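The values are calculated or read from the model by the stated rules, or taken from the named source; none is laboratory data. Nothing here was measured: the structure is a model prediction, and the numbers come from that model. Neighbour counts run over all protein chains shown; Cβ positions are idealised from the backbone, glycine included. Remember, those area values only see protein heavy atoms, side chains included, never the ligands or the DNA or RNA. Shrake-Rupley method; radii C 1.70, N 1.55, O 1.52, S 1.80 Å.
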Amino acid sequence: MKINIVGTGMIVGEVLKMLHSDFKDRIMVTGILAREHSTEHAIDLCEEYARDAFVYTDLQRMLGETEADFVYIANANHVHYEYAMQAMQAGKNVIIEKPIAVDRVQTEQLIDTAIQRCVYCLPAFSMLYMPLYRKLISELPKIGTVRMMQLNYAQYSSRYDRYLQGVVTPVFDPSMSGGCLRDINIYNLCFLIGIFGPPRTIHLAANKGFNGVDTSGTLVMHYPTAVASASAAKDSNGLSNAVIQGEKGWIEVKGSVSIMQEFTVHVTGEEPAVFRSDSGRHRLSYEFEEFWRLVHDRQSCNIVLPYLTRIMQETAIALERMTEI
């Protein structure tokens, strides 16, 4: 399988390192698209992890010159749509980092284009591909009717100190679809929608910075039998975890749901049952394993693709329906 990468940010370095160690003989990076001022960094990444890759500064040239099964879109949020659309129109499958696009209309246009061009449009939400996430879903009936879901993801941003000094990077730039909600709280929202479907109502209470961007906040959602709160912060540190409370017990996820390393099922009157991920595997390896399989076994897309498409659509719709309080 061959892959092109758009972007040179932190996640790209992490992906390249993981591919080099876990998929060295199965996934080849053939090209990396960088902005002019990032080409040296891209060259350094290639030297370390992808010596066969060529660094490009023009997307159309990269799409025309390289044979890629997938194009991994990992640049600034507000241009995901533009780059993914161009890649699909060139006949390439795409993997898109969160958020997929800035709104529901763009998300649905991307999905429609994928159908028309007979290519994949897949979200790079690693937890959706993790066996531990599917295991949690299968364990859910044990706790009875769910009444409360409480999620928190706290991660003091490495760019927040610069933001306080007036330096606005893309993650804190509302004109570039930055902000805590679309950066890390979207993991909490996607986690809930993947299990429980879309909420009936969704509201956001946010702390905002000097330029109006949300630096932290809490989503409050109503489901037919339950209430959910999903909090995230890039302006402070705290305990990251999730708790799903039912009438017969509760499930506790240790750490951020974006990582899904461990969860414990507490059923009333029974000993707690602990489930852990494979400690020897990188958290991103599960999604790239799925991408590799889809290239070599197209029949599997009949199961995987509808599920992922539904989550992309329902997440975009939930964000569109959200009101601020």
Check: Just checking, which of Ile251, Ile186 is on the phi < 0 side of the Ramachandran plot, within 21 Å of the chain's Cα centre (by Cα) and in contact (Cβ under 8 Å) with a residue 12 or more places away in the chain?
Finding: Ile186
Check: Of Thr218, Thr169, which residue is buried (at least 16 other Cβ atoms within 10 Å of the Cβ), within 22 Å of Asp103 (Cα to Cα) and either touching a Cys at 6+ places or on another chain (Cβ under 8 Å) or free of Cβ contacts under 8 Å to residues at least 24 places away in the same chain (or both)?
Finding: Thr218
Notebook entry, point to check: Given the residues Val12, Val29, Val79, which is the only one that is surrounded by fewer than 19 Cβ atoms within 10 Å (Cβ to Cβ) and either out of contact with any helix residue (DSSP H, G or I) (no Cβ under 6 Å at 6 or more places or on another chain) or more than 23 Å from Pro170 (Cβ to Cβ) (or both)?
Noted result: Val79
Next item on the list: State which residue pairs qualify: first residue more than 17 Å from Ala318 (Cα to Cα) and touching a residue at least 12 places away in the same chain (Cβ under 8 Å) and inside the range 228-241, second residue in a loop (DSSP other than H, G, I, E, B) and open to solvent by 30 Å² or more (accessible area, probe 1.4 Å) in any location, beta carbons under 6 Å apart, and separation of 6 or more residues or different chains.
Entry: Asn237/Tyr156
Next item on the list: State which residue is least open to solvent (accessible area, probe 1.4 Å) when the search covers only the range 139-166 and only residues that are in contact with a strand residue (DSSP E or B) (Cβ under 9 Å, 6 or more places away or on another chain) and among the polar types (S, T, N, Q).
Entry: Ser157
Check: Could you list, in sequence order, the residues of the range 147-167 that are in a loop (DSSP other than H, G, I, E, B) and in contact with a Phe, Trp or Tyr (Cβ under 9 Å, 6 or more places away or on another chain)?
Finding: Ser157, Arg159, Gly166
